[in-house]
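The values are calculated or read from the model by the stated rules, or taken from the named source; none is laboratory data. Keep in mind that this is a model prediction, so the values were computed, not measured. Here Cβ is always computed from backbone atoms with ideal geometry, including for glycine, and neighbour counts include all displayed protein chains. To get the accessible areas, we keep the full protein, side chains included, count just its heavy atoms, and leave off ligands, DNA and RNA. Shrake-Rupley method; radii C 1.70, N 1.55, O 1.52, S 1.80 Å.
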Amino acid sequence: MSRTSACFSRPASFARSSTYGRASATTAATASASSDPDGHVVSTAALAGIDYGTWRRDVAAVVAEARPYVEERAKDAGREKQALVLDIDNSSLETDFHPFWELPTPAVAEVRALVRDAHARGVAVFFVTARPGIVHGLTDWNLKKAGYPVDGLYVRSLPDLFAEVSAYKTEKRAEIEAKGYTIVANIGNNTGDLVGGHAERTFKLPDYGGKLS
C-alpha cells in the first residue's frame, strides 16, 4: 500500500481524536499561562495551579490592611529609628511566577509601593531571606533593579543553612533591633517569616498552604 493510500485510509475517528488532543493541549497551556504574567507554562506557580490575578488581588488585600498602620507609625519616624523587614520570594519579588532564568525578577507592585512610601517618610528597609549567601550580590542587584530601597540585606551563611529558617529570621530581626531600630512591621508569605517576635506587627501574604516558596 502506498503512503498516499495509507493517509486516506486513516479512520475519521482518529482525526477527530487527534484534533481533540491538540485542542485539549492548547486549552491546558492557556490555563497554565493565565497563572503566569509572562505567558510561560514553566513557572513554579503555574505548575502549582496558582492563578496570577487571584494572587495579586489577595496580596493587595493584605497591603491595604497594612498601609494605614504603617503610614500612622511612620509619622514618628523622625523621632525614632523605624524599620520594615521583608521576606523576598513571593513577598517582595514575584519569584514563583517567572522562570528562574529570567532576570531581573519583577517586584510585587503593591508591596513595593508600600515600602517606597514608608522609606520616603524615613523608615529603613531591611530584607531577611532564606536565600544562601552565594546569591547576595545577585539578590541585592535584583531588589534595586526592581525599584526597592535597600538599607540592609540578610542572607544565610553556611552555618545558617543548617538552622531552622524561622530561628534564623528571628535572630536577624533581633540584630536589627540591636542597631537601635524599632521594627514597625514584618511582612512575609510563610509562617516561618513571621514567628518569633521582634516586630510590632506582622502581615502575612498568601502562600496557599505552602504552594509558594
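Yes/no per residue for (1) over 27 Å from residue 167 (Cα atoms); (2) over 13 Å from the mean Cα position of the chain (by Cα):
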| site | (1), (2) |
| --- | --- |
| 83 | no, yes |
| 86 | no, no |
| 103 | yes, yes |
| 126 | no, yes |
| 133 | no, yes |
| 136 | no, yes |
| 141 | no, yes |
| 147 | yes, yes |
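With respect to being in contact with a Pro (Cβ under 6 Å, 6 or more places away or on another chain), in contact (Cβ under 8 Å) with a residue 12 or more places away in the chain and either under 18 Å from residue 199 (Cβ atoms) or open to solvent by 60 Å² or more (accessible area, probe 1.4 Å) (or both), residue 145 fits the description. Taken over segment 39-63, the criterion of being in contact (Cβ under 8 Å) with a residue 24 or more places away in the chain and within 30 Å of residue 184 (Cβ to Cβ) is satisfied by 45, 50, 52, 55, 56, 58, 59, 60, 62, 63.
Filter segment 159-213 for residues that are more than 30 Å from residue 78 (Cα to Cα) and among the basic types (Lys, Arg) and give the result. Across segment 159-213, the qualifying residue is only 211.
With under 15 Å from the mean Cα position of the chain (by Cα) and in a helix (DSSP H, G or I) as the only criterion, which of 67, 56 stands out? Only one candidate qualifies: 56.
As a summary of the residue check, residue 188 satisfies the conditions (1) more than 14 Å from residue 82 (Cα to Cα); (2) free of Cβ contacts under 8 Å to residues at least 60 places away in the same chain; (3) of a type in the set (Gly, Ala, Ser) except for the one numbered (2). Suppose the filter is of a type in the set (A, V, I, L, M, F, W, C), open to solvent by 10 Å² or more (accessible area, probe 1.4 Å) and either within 30 Å of residue 49 (Cα to Cα) or outside any helix (DSSP H, G or I) (or both); does residue 212 pass it? Against the criterion (of a type in the set (A, V, I, L, M, F, W, C), open to solvent by 10 Å² or more (accessible area, probe 1.4 Å) and either within 30 Å of residue 49 (Cα to Cα) or outside any helix (DSSP H, G or I) (or both)), residue 212 does not qualify. Looking at this structure, is residue 119 closer than 17 Å to residue 183 by Cα and out of contact with any helix residue (DSSP H, G or I) (no Cβ under 6 Å at 6 or more places or on another chain)? Yes; evaluated as a whole, the condition is true for this residue.
Selection of segment 140-183 for residues being more than 15 Å from residue 85 (Cβ to Cβ), in a helix (DSSP H, G or I) and polar (S, T, N, Q) yields only 142. Give the residue that is surrounded by the fewest Cβ atoms within 10 Å (Cβ to Cβ), with candidates limited to residues of segment 173-203 that are basic (Lys, Arg) and touching a strand residue (DSSP E or B) at 6+ places or on another chain (Cβ under 7 Å). This residue is 201.
If you go through segment 95-139 and pick out every residue that is outside any helix (DSSP H, G or I), among the basic types (Lys, Arg) and open to solvent by 50 Å² or more (accessible area, probe 1.4 Å), you end up with 1. Counting the residues of segment 120-179 that are among the hydrophobic types (A, V, I, L, M, F, W, C) and under 20 Å from residue 102 (Cβ atoms) gives 6. Is it the case that segment 85-94 has a residue that's more than 16 Å from residue 153 (Cβ to Cβ) and part of a helix (DSSP H, G or I)? The answer is no; no qualifying residue exists.
Among the residues of segment 68-80, those identified as surrounded by fewer than 17 Cβ atoms within 10 Å (Cβ to Cβ) and not aromatic (Phe, Trp, Tyr) are 68, 71, 72, 75, 76, 78, 79, 80.
In summary, residue 119 fulfils each of the numbered conditions (1) within 24 Å of residue 208 (Cα to Cα); (2) touching a residue at least 24 places away in the same chain (Cβ under 8 Å) with the single exception of condition (1).
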